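S.K.: This is the structure I have questions about; it appears just below.
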Amino acid sequence: MNQILKKYIYPRLADAASLASLLGLIIVFCSEDYAVIVALITFCISLLILLIAGLIAINKIIIRNYPNEYKKISSFYNFQCDDGIHSTFETFRLIQCKRSLLTEIKYDFKWSGSIIPKISSENQRIEIISERDETGTTTSLIKFKKPLTYNETTVLHIKTENDDADNTALPYLSCKIDTPIDVIQFRILLAYKPDDYSKPAIISRKRINSDDEFQIIGSATFNQKYKQYFYISARPDAGYIYKIEWEK
């Protein structure tokens, strides 16, 4: 804190004092009317300098305490496929802004099929930065309709419409938990499965940026009535990629 004050506030105070001294000298040679105007301008400029310095210092403190632009609170992932070919994926994420002002965030989406999905949002505007790379990742910007201020929360919504006509997509969902989060939830709806289908889905995880294989940590039973898998984890360990995988 003291270092930030010394670096961003004290120098601006010195600048304001220097400006006031210089203009004070000018006022001596001005008429009374002009002296009042010059003094008022000096005061306004000095106040503006201190305000800008204060905002910079506050922003530096926020960045030091929160390296990430926002805090992830909860994430919900829904996948629905009715015919085994066409599907939709939706994610709802509750986040809290950790910047003085936040207008957009980057979002990476990976689809294992060969046909590029359509991506949209009900709550935000989405702008594609780069189409799929060799890993199948599409990079986009999620732009808020109204900028977020510090500690303000919002729900991110991302939806993709997927086509697996050539049967190349892999049957799994995964998410990267790089910071602590309260809850993650997977819901997989597979209406095309036969009434007697009952094979469970596999829940696994691996370290982020690790070449290790995914390690199985659990399973999710198939609800035959609603034809779905459901898995929820409260406060999952950060630093892992979590995956739910089922039979296609």
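S.K.: For region 94-228, take the convex hull of the Cα atoms, compute a quarter of its surface area, and give me that in nm², please.
M.R.: Averaging across all directions leaves 10.3 nm² for the Cα convex hull.
S.K.: For T149 paired with E247, estimate the spin-label separation in nm (one decimal), with each label point 7 Å from Cα along the Cα-to-Cβ line.
M.R.: So the label points at T149 and E247 sit 5.5 nm apart.
S.K.: Could you report region 94-248's accessible area per residue, 1.4 Å probe, as an integer in Å²?
M.R.: Here the residues of region 94-248 average 56 Å² of exposed surface.
S.K.: Could you tally the net charge around S130, taking each other residue with its Cβ under 12 Å from the Cβ of S130, Lys/Arg +1 and Asp/Glu -1?
M.R.: Residues close to S130 contribute a combined charge of -3.
S.K.: For region 107-169 and region 206-227, what is the separation of their C-alpha centers, rounded to whole Å?
M.R.: For region 107-169 versus region 206-227, the Cα centre distance is 23 Å.
S.K.: Taking a threshold of 25 Å on the Cα-Cα distance, which of the pairs K72/K206; K110/K146; K143/K243; K110/K206 fall above it?
M.R.: K110/K146; K143/K243
S.K.: Using a 1.4 Å probe over the heavy atoms of the protein chains, calculate the carbon and sulfur portion of the accessible area of region 196-248 as a whole percent.
M.R.: 44 percent
S.K.: Is the C-alpha gyration tensor of region 157-229 telling us rounded, prolate or oblate? Criteria: a/c under 1.5 is rounded; beyond that, a/b larger than b/c is prolate, otherwise oblate.
M.R.: prolate
The values are calculated or read from the model by the stated rules, or taken from the named source; none is laboratory data. None of the values given here were measured: they were computed from a predicted structure. For neighbour counting, all protein chains shown are included, and Cβ atoms are generated from backbone atoms with ideal geometry for every residue, glycine included. SASA here: full protein model, heavy atoms, side chains in, ligands and nucleic acids out. Shrake-Rupley method; radii C 1.70, N 1.55, O 1.52, S 1.80 Å.
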